[in-house]
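The structure's right below; bear with me while I get my questions together.
The values are calculated or read from the model by the stated rules, or taken from the named source; none is laboratory data. In this text, all values refer to a predicted model and were calculated from it rather than measured experimentally. Backbone-built Cβ (ideal geometry, glycine too); neighbour counts: all protein chains shown. These accessible areas exclude ligands, DNA and RNA; they are computed on the full protein's heavy atoms, side chains included. Shrake-Rupley method; radii C 1.70, N 1.55, O 1.52, S 1.80 Å.
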Amino acid sequence: MATVTFRDETATGRPLGEWEVAGLPDRMTVRELIGLRVQEEVARYNARPGNRFNGLVRPADAEVELNGYRLREPRRIDWERQAEIAERAFLANGFFVLAGDRQVEDLDEVVDLTVDPGLVFIKLVALVGG
């Protein structure tokens, strides 16, 4: 069984957060890893709902804030819906994923977690006016 480390960084490499999930298969697709990451972060939020969600992608009806999203009111978030949003964001280059020292580019690409146990997620921010 493998342990994966999920780490968020800025485009300049500044770390924003990190956590681990243990007991995983040795090999998983990028799609499965994104879904797992989203499921974990939504479960943490749903355990203690508040006005702020720090996750990979923005929930519906939330406003973007520095390193997170502000909800109009605390509510439960559906992790499956968030995973769908995350998959679309990945395909639209809203964020990219590094496994070890390489960028993964396909949702169906398999990552060997015994070789690349650390995944770095880098969100891309749209430039104003461009």
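So how compact is the stretch 1-77: Cα radius of gyration and Dmax in angstrom?
Both quantities, over Cα of the stretch 1-77: 13.7, 40 Å.
To the nearest 10 degrees, how steep is helix 30-47 against the longest Cα principal axis of the chain, on a 0 to 90 scale?
Tilt relative to the chain: about 40 degrees.
Given a Förster distance of 30 angstrom, what is the FRET efficiency for Thr114 paired with Arg88, based on the Cβ-Cβ distance and rounded to 0.05?
Taking R0 as 30 Å, the efficiency between Thr114 and Arg88 is 0.55.
Another question, then. Ordering Val64, Val30 from largest to smallest accessible area (1.4 angstrom probe), what's the sequence?
Val64, Val30
Continuing with the same structure: Can you tell me the length gained on complete extension of the stretch Asp26 to Asp78, counting 0.36 nm per residue apart and subtracting the Cα distance?
16.0 nm
Below 8 Å, C-alpha to C-alpha, sequence gap of six or more: please give me the relative contact order for the chain in percent.
32
What spacing in nm lies between the two simple spin-label points modelled at Asp101 and Trp19, each 7 Å away from Cα in the Cβ direction?
3.0
Then there is this: Per the Kirkwood treatment, what hydrodynamic radius in Å, one decimal, follows for the chain from the mean inverse distance over all distinct Cα pairs?
About 15.2 Å, per the Kirkwood formula over Cα pairs.
Now a separate question. Heavy-atom accessible area per residue, the chain, 1.4 Å probe: how many Å²?
Per residue, the chain has an accessible area of 60 Å².
May I pose another question? Which is the longest part of the chain that has none of the trypsin sites (Lys or Arg not before Pro) sitting in a DSSP loop with at most 12 other Cβ atoms within 10 Å?
The answer is 1-71.
A follow-up question, please. Nearest 10 degrees, 0 to 90: what angle lies between the long axis of helix 79-91 and the longest principal axis of the chain (Cα atoms)?
Approximately 70 degrees, to the nearest 10.
Return the calculated 222 nm mean residue ellipticity for the chain, to the nearest 500 deg cm²/dmol, obtained by summing -39500 (n - 2.57) across DSSP H runs with n ≥ 4 and dividing by the residue count.
-8000 deg cm²/dmol
Rank these residues by their accessible area, most exposed first, probe 1.4 Å: Glu80, Glu40.
My answer, sorted largest first, is Glu80, Glu40.
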